[in-house]
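**Student:** Next up is a structure, given as structure tokens.
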Amino acid sequence: MRIAIIGFGTAGQGRLHAYRTVTAGRAVAVLDPSPERRARARELDPGVETFAGLSELLAARTVDAVDICTPPVHHVALEREALVAGLHVICEKPVAVHTGEAIELVALARERGRLLYPAHNYGFSPMMRVLTGAVADGRIGGPMRASFRIARDSHARGVPGWQPDWRRDVTVARGGIMLDHGTHCAYMATRLFGEAPRTVSCVAQWADGDAAGGMDLAARLHLEFGGGTCEIDLSWISGTRSNRYLLTGPEGTADVHDGVAEVRSAHGVERTDLTPPTRDQTHQEWFAGMFGDFAALVAAGTGWDRPMREVVTTTALVEAAYRSAALGGEPVAPAGLVTAEVR
């Protein structure tokens, strides 16, 4: 499969390296409006072709899919353009900001017979395998309570030369930490519970204290599922860096804290070191699993309902969190979760 990477910032550069680790796909082109970033792509891989935009690529080269790694403000327009052109699409989170956009994109993908696939890479992470495995093999039983805590002393920075702090610009990022780290937590929670939450409650801390500005720096979410609850605590202003994912079931607990996993059950205590070989923020080591899933779905031509429904569910959950925060924490039901069947 021939892939064009759109956007050659931190994520795009990480993807170029990651495609070298898979056999089912090959990055043959990089698209970026910056001449400096295109030059950097050719420096890293002299065999890759570079273009300023998608229309220029389509006029010169045939590809099968695009991998969108731009800042969020460009996602929806690029997804539409690629799907209309008959390409499969992988897109970095968030695939969409508003549920209506997500539903429209899924409908367009279905109409064109193409797969719209969210780059939800945390779903292929070692910590997610520990959590889902502890439930699936019965060690802790079905999930009853989950708690995710993501602490940062700042947002992730972009590449020099183009708005390294674009994540603090709501016109580019389209939101703050709820749209960034919150998106990962949203799909992880729905996968663990096997359903979308019935309601979402959220309180947030806003830049300059202004919710109207849309830049959330910290947030606490409560997700109410039919089978339990999930608490999510997010911060870009904690003064430290830490991750913790705790899942409690009727038979035990699964706890992943800063790279160390501990599963406690009637069978005893099992500890595993999950520290990755690199500290790369693009998590290249998770890519092979994610791309393998995408490529297998494209080849099969079926099973597309799963990732495309997750696009809608995740968008609806995060949008509900923003609505709740604007209402001071009032519970909000995610909207638009019943959509037309996809392949």
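The values are calculated or read from the model by the stated rules, or taken from the named source; none is laboratory data. What you see is a predicted model; the values in this text were computed from it and never measured. So basically every Cβ, Gly included, is an ideal-geometry build from the backbone, and we count neighbours across all protein chains shown.
**Student:** Residues of region 65-109 being acidic (Asp, Glu) and surrounded by 17 or more Cβ atoms within 10 Å (Cβ to Cβ), which ones?
**Tutor:** Result: Asp67, Glu79, Glu81, Glu92, Glu101.
**Student:** Which pairs have Cβ atoms under 6 Å, sit 6 or more apart or on different chains, and link a residue in region 209-229 that is under 23 Å from Ala189 (Cα atoms) to one that is at pLDDT below 85 and surrounded by 14 or more Cβ atoms within 10 Å (Cβ to Cβ)?
**Tutor:** Partner pairs satisfying both residue conditions: Gly228/Pro143.
**Student:** While we're looking at this one, here's another question. So which residues in region 170-198 are in a loop (DSSP other than H, G, I, E, B) and over 19 Å from the mean Cα position of the chain (by Cα)?
**Tutor:** Residue satisfying the conditions is Arg198 alone.
**Student:** Consider Arg112 carefully, then state whether it is surrounded by fewer than 19 Cβ atoms within 10 Å (Cβ to Cβ) and modelled with pLDDT of 95 or more.
**Tutor:** Yes; evaluated as a whole, the condition is true for this residue.
**Student:** Hey, another quick one. Kindly provide the set of residues from region 1-18 that are in contact with a helix residue (DSSP H, G or I) (Cβ under 9 Å, 6 or more places away or on another chain), of a type in the set (A, V, I, L, M, F, W, C) and not in a strand (DSSP E or B), ordered by number.
**Tutor:** The answer is Met1, Phe8, Leu16, Ala18.
**Student:** For Val159, indicate whether it is assigned to a helix (DSSP H, G or I), at negative phi and of a type in the set (Val, Ile, Thr).
**Tutor:** Considered against the rule, which asks whether it is assigned to a helix (DSSP H, G or I), at negative phi and of a type in the set (Val, Ile, Thr), Val159 comes out as no.
**Student:** Can you find a residue in region 139-149 that is among the small types (Gly, Ala, Ser), assigned by TED's automatic domain parsing to the domain that holds Gly252, assigned to a helix (DSSP H, G or I) and crowded, with 21+ Cβ neighbours inside 10 Å?
**Tutor:** Within region 139-149, none of the residues are among the small types (Gly, Ala, Ser), assigned by TED's automatic domain parsing to the domain that holds Gly252, assigned to a helix (DSSP H, G or I) and crowded, with 21+ Cβ neighbours inside 10 Å.
**Student:** Determine whether Pro46 is modelled with pLDDT of 95 or more and either of a type in the set (A, V, I, L, M, F, W, C) or surrounded by fewer than 23 Cβ atoms within 10 Å (Cβ to Cβ) (or both).
**Tutor:** So Pro46 fits the description; yes.
**Student:** While we're here: Which one of these does Thr199 not meet: (1) in contact (Cβ under 8 Å) with a residue 60 or more places away in the chain; (2) closer than 27 Å to Pro126 by Cα?
**Tutor:** (2)
**Student:** Now for a separate question. If Glu319 meets every condition in (1) at pLDDT 95 or above; (2) farther than 17 Å from His120 by Cβ apart from one, which number is that one?
**Tutor:** (2)
**Student:** Moving on to the next point. Going by the conditions given, is Glu56 free of Cβ contacts under 8 Å to residues at least 40 places away in the same chain, among the acidic types (Asp, Glu) and within 30 Å of Thr99 (Cβ to Cβ)?
**Tutor:** Taking the combined requirement at face value, the residue does not satisfy it.
**Student:** Regarding region 125-134, can at least one residue be identified that is exposed (fewer than 15 other Cβ atoms within 10 Å of the Cβ) and not in a helix (DSSP H, G or I)?
**Tutor:** The answer is no; no qualifying residue exists.
**Student:** Could you please let me know if Asp293 is within 18 Å of the chain's Cα centre (by Cα), in contact (Cβ under 8 Å) with a residue 24 or more places away in the chain and part of a strand (DSSP E or B)?
**Tutor:** no
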